[in-house]
Amino acid sequence: MMLEIKNLHVKLEEEDKVILKGVDLSVESGKVHAIMGPNGSGKSTLSYVLSGKDGYEVTEGSAALEGEDLLELEPEERAAAGLFLAFQYPVEIPGVGNMTFLRTALNGQRKARGEEELNAAQFLKLVRETAKSLKISDDMLKRPVNVGFSGGEKKRNEILQMAVLQPKMCIMDETDSGLDVDAMKLVADGVNALRDAGRGFLVITHYQRLLDHIKPDVVHIMADGRIVKTGGPELALEVEQNGYTDILAEVA
Amino acid sequence: MGLPEVKADGAEALLARHPAPTKGARWAEEMREKAVASLRAMGAPVGRDEYWKYTDPRPLTADTAEAAVLKVDEAPVFGEVDRLKLVFVDGIFDPAQSDDLALSGVEIEHLSDALATDIHWAKDVFGVLEARGQDPVPRPMAALNTAVASVGVAIRVTGKAAKPISLRYLHENPTSDAVIHHVIKVEEGAEVTLLENGPAAARFNKCMEVEVADRATFHHVRAQGRDHERLAATHMFTRLGTESVFKSFTLTVNGVLTRNEAVIEFTGDDAQAHIAGASAGDGAFHHDDTVFITHDAVNCESRQVFKKVLRNGAKGAFQGKILVKAGAQKTDGYQISQGLMLDDDSQFLAKPELEIYADDVACSHGSTVGAVDEDALFYLTSRGVPRVDAQGMLVLAFIDEAIQEIEDAALADEIRERLGAWLERHRAV
């Protein structure tokens, strides 16, 4: 199993607020899973906990990437193990160049895995090719990380990082938010190009529309910190037509 | 109103601790006498003084310098730059390590020679800019410097200097107490870059007066020595003519006490002055930037950018003032001072001041203190950047706004490398 989450319970560290109340979810290699759900259901928390953000406490349960316990690892170790989170709100980092950042990240991962680091020329070639397909200009590559980027540019930059880092398991947190139709198509094309038998995807979204472009194999509905319903792509259509109320009423 | 005894006695003690300077021409001796009188009138600095409340002056005013031993073995900064090199060891000029005092576009003399000459351009600069900078804020260590200094250089730039002039201050005697004074005049339309580096002495009192004439350009990049236990009080007094450009950057890493004062006065219209500082301190480190910029001309731009990275109880202080006199319309003044704390033990004290008597000006200032941005740190580490490297990247990014004030890209890169190396040595574990 690529990603296996069992009975995951999570609360906020600083207050006694329980966010995840027993999430069970498995993503197979080569599959795209989608998680949909209303605001506040715990979707983003799940993505942060999996990638190792501070501020959350796992009180019960487990999460493993290809059998390796994720929760014991630092964020950079999770990345080196093959986990990637495309942020809902990519962070702007003034003073750190996009290319420097990406090269340090890639070589950090390669070093951690005992692989040879890429030199500047090899890296540049790799990035240029990928950037072209995502319509990311040289100027964007040269600028500080996400600084002055439009919403669409930030999301394309996330996909660029994903394509360069070649993770095994990609979590995408509301990648469609803030995107117009053209930008969404560009992002979806980037994701589809990475679909591969050796890679799993977990796509978190509010809306069906992203799933028109990135066709999921499995759709989960999350509510109040749990997966309440799992089905095929038709489940997303049902949400689109009827909203969450009916489904939630049905499982309540 | 009499001077408090402690200040009066302190001034006498300061004067007594230094030998009499090499005798100069009458004008120079008069200027020194004025400086003595001025120091006696203002007294030695004490902790109760408004501009010394963040920095304890006692190590600077004590009778003897605490021993400071150079422990860092590192290639000297600017070593690869093609430059005219002048070396001072514990405050004494060292001809053996120095280049000849000859450079196209520049006249260079020893300060003592300039001050001994009856008719000399230095008469309009030596002690003159320092004295102008004593009001309204007294700067006793600078008055002391003018009163007792014999060592230093007098530089007159008449054209475009063929290469940078580099002043290198070496420290060998563990208890040296050095006083150095430079006078610089950049004549109309002339251009020069001045580099300074090195720890200089166990205790270093440096004063530099810089007259930048109309349409002249003065670039200054300084890397204060990495000698951990050294003390330094430095002053830079600058007067700027019409359409002149002045840019000064200082890097300070280590040093138990460093006080850098800069006094800049715009007297000609359409001039530009940028002063920036980056400092990084770990442990027993106290760093103080005190800046006073007077706008007394129209349409001038001043910019102050100071960044300090502190850990393990290091302390940073910033006192920056912009004074816009009546009539100094179209003034554009900017000031930012920021402290980045790598732990909870360090301290950053800032006092930004604006005093404005003209009505058509744009002045802004900001001061912040904070920790490394956790969101940025998470973003970087989530991509596989090891945490210590991510923190290093964010620290360098924080400081970079100050480094960007260095005009020359190669010099800026060298400063970045030095800071990177410092971070490497002082990594949090």
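Values quoted throughout were computed directly from the atomic coordinates according to the rules given, and no laboratory measurement underlies them. The model shown is predicted, which means the values in this text are computed figures rather than measured ones. Heads up, the Cβs are rebuilt from the backbone with ideal geometry, glycines too, and the neighbour counts pull from every protein chain shown.
Take A:K53 and tell me if it is among the basic types (K, R) and either in a strand (DSSP E or B) or more than 12 Å from chain B (Cβ to nearest Cβ) (or both). No. Screening the range B:23-76 for residues that are more than 23 Å from B:R132 (Cα to Cα) and small (G, A, S) and picking the one that is surrounded by the fewest Cβ atoms within 10 Å (Cβ to Cβ) gives B:A75.
Scanning the range A:93-122 for residues that are among the hydrophobic types (A, V, I, L, M, F, W, C), within 14 Å of another protein chain (Cβ to nearest Cβ) and either assigned to a helix (DSSP H, G or I) or farther than 25 Å from A:F149 by Cα (or both) returns A:M99, A:F101, A:L102, A:A105, A:L106, A:A112, A:L118.
Of all the helices (runs of 4 or more DSSP H) wholly in the range B:91-150, which have at least 3 residues that are surrounded by 15 or more Cβ atoms within 10 Å (Cβ to Cβ) and among the small types (G, A, S)? Per the criteria, B:111-116, B:140-148.
On the stretch given as the range B:297-324, residues that are surrounded by fewer than 24 Cβ atoms within 10 Å (Cβ to Cβ), among the aliphatic types (A, V, I, L, M) and closer than 12 Å to B:H365 by Cα total 1.
For the range B:353-393, the candidate set comprises residues that are of a type in the set (D, E, K, R) and touching a strand residue (DSSP E or B) at 6+ places or on another chain (Cβ under 7 Å); within that set, the residue that is nearest to the other protein chains (Cβ to nearest Cβ) is B:E353. Taken together, the residues in the range A:123-152 that are in contact with a Ser or Thr (Cβ under 9 Å, 6 or more places away or on another chain) and assigned to a helix (DSSP H, G or I) amount to 2. Among the residues of the range A:192-204, those identified as closer than 26 Å to A:F149 by Cα and crowded, with 23+ Cβ neighbours inside 10 Å are A:F201, A:L202, A:V203, A:I204. Against the conditions (1) surrounded by fewer than 16 Cβ atoms within 10 Å (Cβ to Cβ); (2) more than 23 Å from B:S248 (Cα to Cα), B:G420 satisfies every one except (2).
Results for (1) surrounded by 19 or more Cβ atoms within 10 Å (Cβ to Cβ); (2) more than 19 Å from the chain's Cα centre (by Cα); (3) free of Cβ contacts under 8 Å to residues at least 24 places away in the same chain; (4) farther than 25 Å from A:G200 by Cα, shown as yes or no for each residue.
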position	(1), (2), (3), (4)
A:P75	yes, no, no, no
A:G114	no, yes, yes, no
A:V127	yes, yes, no, no
A:K132	no, yes, yes, no
A:K142	no, yes, no, yes
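Scanning the range A:57-83 for residues that are hydrophobic (A, V, I, L, M, F, W, C) and within 8 Å of chain B (Cβ to nearest Cβ) turns up A:A79, A:A80.
Candidates A:A64, A:A81: the one that is aliphatic (A, V, I, L, M) and more than 15 Å from the chain's Cα centre (by Cα) is A:A64.
Restricting the first member to the range B:174-186 and to residues that are part of a strand (DSSP E or B), and the second to residues that are surrounded by fewer than 24 Cβ atoms within 10 Å (Cβ to Cβ) and among the acidic types (D, E), the beta-carbon pairs closer than 7 Å and six or more apart or on different chains are B:A178/B:D90. Exactly one residue out of B:F249, B:F306, B:F237, B:F285 is within 23 Å of B:A143 (Cβ to Cβ), in contact with a Gly (Cβ under 9 Å, 6 or more places away or on another chain), in contact (Cβ under 8 Å) with a residue 24 or more places away in the chain and among the hydrophobic types (A, V, I, L, M, F, W, C), and it is B:F237.
Looking only at the range A:143-163, residues that are in contact with a Lys or Arg (Cβ under 9 Å, 6 or more places away or on another chain) and within 11 Å of another protein chain (Cβ to nearest Cβ) come to 2 in all. For the range B:184-193, the set of residues classified as crowded, with 23+ Cβ neighbours inside 10 Å and either polar (S, T, N, Q) or farther than 12 Å from B:T238 by Cβ (or both) consists of B:V192 only.
For the range B:394-414, the set of residues classified as within 23 Å of B:S367 (Cβ to Cβ), hydrophobic (A, V, I, L, M, F, W, C) and either within 14 Å of chain A (Cβ to nearest Cβ) or touching a Lys or Arg at 6+ places or on another chain (Cβ under 7 Å) (or both) consists of B:L394, B:V395, B:L396, B:A397, B:F398, B:I399, B:A402, B:I403, listed by residue number. Filtering the range B:289-307 to residues that are touching a Lys or Arg at 6+ places or on another chain (Cβ under 6 Å) and of a type in the set (D, E, K, R) leaves only B:D296.
Total residues in the range B:26-67 satisfying the condition of being part of a helix (DSSP H, G or I) and within 21 Å of the chain's Cα centre (by Cα): the figure is 9.
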